[in-house]
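Peer 1: The following block contains the structure, expressed as structure tokens.
Only the coordinates and a few stated rules stand behind these numbers; no lab work does. Everything numeric here is computed off the predicted structure, so don't read it as measured data. Here the Cβ positions follow ideal geometry from the backbone for every residue, glycine too, while neighbour counts run over all protein chains shown.
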């Protein structure tokens, strides 16, 4: 079992819809969870982080964390074509370096 | 403010040659990380520096890889006797707390 798992996609949503990206992790001791966006040919850009169970909202983005079920999700409201990218879930898994999922490719159709 | 910078942005080398990749972290960030991303793959941790502590080298794939961080700031990743499987984008990140910020990366191509 991979330490951080994501569906590779592509996840295709129409413009204006809600995109829901999911991530599961294996280390129950993980405390910090991150979502990065990576455009093709670019480096990852931090868009959200969450430490506590529940929801955290920032603009059109909402991160959701459920430690009991070991999953973290990212909701993107009013999706735009510019949101089309690969979204990487990352978790600190015991050592002080992030373990990344393989990413979910999101396509927002105009 | 200035973000993480890396140089060179692209490096093409011949198999067997040594290469050095440089990372300049965000000022004030005490932690520095190296990752690599092979084509179509996820990010793979290589090495982590925190202040003056001994680095965590647990992700280095072989003894051909080494890194140093001078003065708690700039870091150099060295790959000796490069192999074709070393071709990847090498990413540097820095952090002050938990959130890591990435540089633009160095694309290494080994012919």
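Peer 1: Report, for the protein assembly as shown, the % of DSSP beta bridges that are antiparallel, rounded to 5.
Peer 2: Of the beta bridges lying entirely in the protein assembly as shown, close to 90 percent run antiparallel.
Peer 1: Relative contact order for chain A: what is it in percent, counting Cα pairs under 8 Å that are at least 6 residues apart?
Peer 2: In percent, rounded to a whole number, it is 38.
Peer 1: Also, I was wondering about something else. Cut-off is 10 Å between beta-carbons; in what order do A:75, A:88 appear when sorted fewest neighbours first?
Peer 2: Least to most surrounded, the residues fall as A:75, A:88.
Peer 1: Would you mind giving the average projected area, over all directions, of the Cα convex hull of chain A in nm² with one decimal?
Peer 2: 6.5 nm²
Peer 1: Sort A:39, B:35, A:71 so that the residue with the fewest other Cβ atoms within 10 Å of its own Cβ comes first and the one with the most comes last.
Peer 2: Fewest to most other Cβ atoms nearby, the residues stand as A:39, A:71, B:35.
Peer 1: Right, next: To make sure I understand, if each residue's beta carbon is the centre and we count other beta carbons within 10 Å, what order do A:18, B:26 fall in, fewest to most?
Peer 2: So the ranking, lowest neighbour count to highest, is A:18, B:26.
Peer 1: Considering only DSSP beta bridges whose two residues both sit in chain A, what percent are antiparallel, to the nearest 5?
Peer 2: The antiparallel proportion sits near 90 percent.
Peer 1: Describe numerically, in nm with one decimal, the distance between label points set 7 Å from Cα along Cα→Cβ at residue A:60 and at residue A:11.
Peer 2: Between residue A:60 and residue A:11, the simple spin-label model gives 1.4 nm.
Peer 1: If I take every Cα pair under 8 Å that is 6 or more residues apart in chain B, average their sequence separation and divide by the length, what percent do I get for the relative contact order?
Peer 2: Result for chain B is 38 percent.
Peer 1: OK, next. Name the most mobile residue of A:63, A:97, A:85, meaning the one with the largest mean-square fluctuation, in a Gaussian network model of chain A with Cα contacts below 10 Å.
Peer 2: A:97
Peer 1: Please give, to one decimal in nm, the separation of the simple spin-label points placed at residue B:98 and residue A:96, each 7 Å out from Cα toward the Cβ.
Peer 2: Label at residue B:98, label at residue A:96, 1.5 nm between them.
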